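The values are calculated or read from the model by the stated rules, or taken from the named source; none is laboratory data. As the structure is a prediction and not an experimental result, all values here were calculated from the model. FYI the Cβ positions are ideal-geometry reconstructions off the backbone, even for glycines, and counts take in every protein chain you see.
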Amino acid sequence: MQSPPKTETTNTKRFQAKRDAILAAAAAAINEQSAKGMTFADVARRVGLNTTSVTYYFKRKEDLAAAAFEQTLAWLHDILDEALAEPTPEARVARFLAINMERLARIGRGEEQAVAMLSDLRAMEEPLKGKLMAGWRNVFRKTRSLWGSDGSRAETDLRGARAHVLLENSFWLNAWITRYEIDEYPRVEARLMDVFRHGMAAPGQRWSPELFELVHDEPEPGREAFLLAATRLINELGYRGASVQRIASELNVTKGSFYHHLDAKDDLVIACYKRSFDILADAQRLAEGHAGNQWQRIESTLATLLDYQFSERGPLLRTTALSGLPPHVRNTMLDRSNRIARRFAGMLSDGIAEGTIRPIDPLVASQALMALQNAAFDMRKWAGTMPRERAVAFYASTLAYGLFDDRVLES
């Protein structure tokens, strides 16, 4: 069999290299502006091409976004395959985290480009959406298999919670890891893995939370229902996918009614974030005034927020909705998120001092807690298949006692 002509091979490599460069630029644009906000012109500018040259590789913007998402899904499959080669669940999770941290270090050094975040998958249109969501479900199932595939329904449910918390923490790393120097990444990895391995609660601390009564009312009549509907749509479709018309249709009101409540769409997202952050802060304040030790305050805060997320009163707005917001607004929202995380860190520090919390890194653990509650919205369907108290206990156990502790199955 004859080898292909050298010119043909060179052209193929050149085509692939240019396509890869376009995908990397698209991923950067998606991460900054969301898939809906990405434009051919911006992608072309990032790789030094004109718009027509980009359309030679991808005919439609939606095709380019889908290809960027497919590249992320393929990367996740690859690293999960590498992790699954390890002999135990603990070793598999450790390898998965290590691969993620190694990649973040390479990105930080400018040696590699970030892949597209998957927060906009649901905002895609059919038939691309169906294909991408099927790919995501396959990634989720493969992540769940890090803990094995045999066992009871309850064991499968618990593995599902663990898989979701692990994936969400790997995505959330992008939001906070840059606060550390790159040479500190191995230490951060070790401390996050310590939380995954052993949890936060000190030995002897049981799961027996008390739910706080969260009461959040907007001063203007109808505004609470308005913000709740908007939050659900923005979580589902992203900032740019949740149009004013769509939000108005969800509430069965006119666009004019929308502008009665808010002056602009950016104001809507800010209001949704303020509502969500206020609820988080309310739970923390109630915990600090609650009788009991620090572990009891933390477990009750977690249980209250998860119960809220899984109930009809939820959800809270996901931080993934930040993609597409103007930079100054995004930074303001991240600052509020960081203040809430620092408050969690303070609660954990007090628990370490009194001996009810293990000697963990409170700053790292607090970010894991933010990821946990942030992603709970995506598990509402999962939570609906069991009593809510069990769903809350299963989901919270992932960080309370670690990703390998099965005591919650006995309760």
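For Gly148, are the conditions met, namely being under 30 Å from Arg60 (Cβ atoms) and surrounded by fewer than 17 Cβ atoms within 10 Å (Cβ to Cβ)? So Gly148 does not fit the description; no.
Residue check: is Ala190 touching a residue at least 60 places away in the same chain (Cβ under 8 Å) and either within 30 Å of Pro362 (Cβ to Cβ) or more than 18 Å from the chain's Cα centre (by Cα) (or both)? No; evaluated as a whole, the condition is false for this residue.
The test for being modelled with pLDDT under 85, on the phi < 0 side of the Ramachandran plot and surrounded by 16 or more Cβ atoms within 10 Å (Cβ to Cβ) does not hold for Met347. The residues of segment 227-247 that are out of contact with any Pro (no Cβ under 8 Å at 6 or more places or on another chain), of a type outside the set (A, V, I, L, M) and in contact (Cβ under 8 Å) with a residue 60 or more places away in the chain, listed by number, are Glu236, Gly238, Tyr239, Arg240, Gly241.
Scanning segment 80-127 for residues that are at pLDDT below 95 and basic (Lys, Arg) turns up just one, Arg122. Exactly one residue out of Arg191, Arg137 is assigned by TED's automatic domain parsing to the domain that holds Leu97 and either of a type in the set (Lys, Arg) or exposed (fewer than 14 other Cβ atoms within 10 Å of the Cβ) (or both), and it is Arg137. The lone criterion from (1) among the acidic types (Asp, Glu); (2) free of Cβ contacts under 8 Å to residues at least 24 places away in the same chain; (3) touching a helix residue (DSSP H, G or I) at 6+ places or on another chain (Cβ under 8 Å) left unmet by Asp120 is number (2). Report, by residue number, each residue of segment 383-405 that is over 14 Å from Arg153 (Cβ atoms) and more than 19 Å from the chain's Cα centre (by Cα). Passing the criteria: Gly384, Arg388, Glu389, Ala393, Tyr401, Phe404, Asp405.
Ala163 meets each of the listed conditions (1) of a type in the set (A, V, I, L, M); (2) surrounded by fewer than 17 Cβ atoms within 10 Å (Cβ to Cβ); (3) within 20 Å of the chain's Cα centre (by Cα); (4) closer than 27 Å to Ser337 by Cβ apart from (2). Restricting attention to segment 378-392, the residues that are surrounded by fewer than 22 Cβ atoms within 10 Å (Cβ to Cβ) and not in a loop (DSSP other than H, G, I, E, B) add up to 8.
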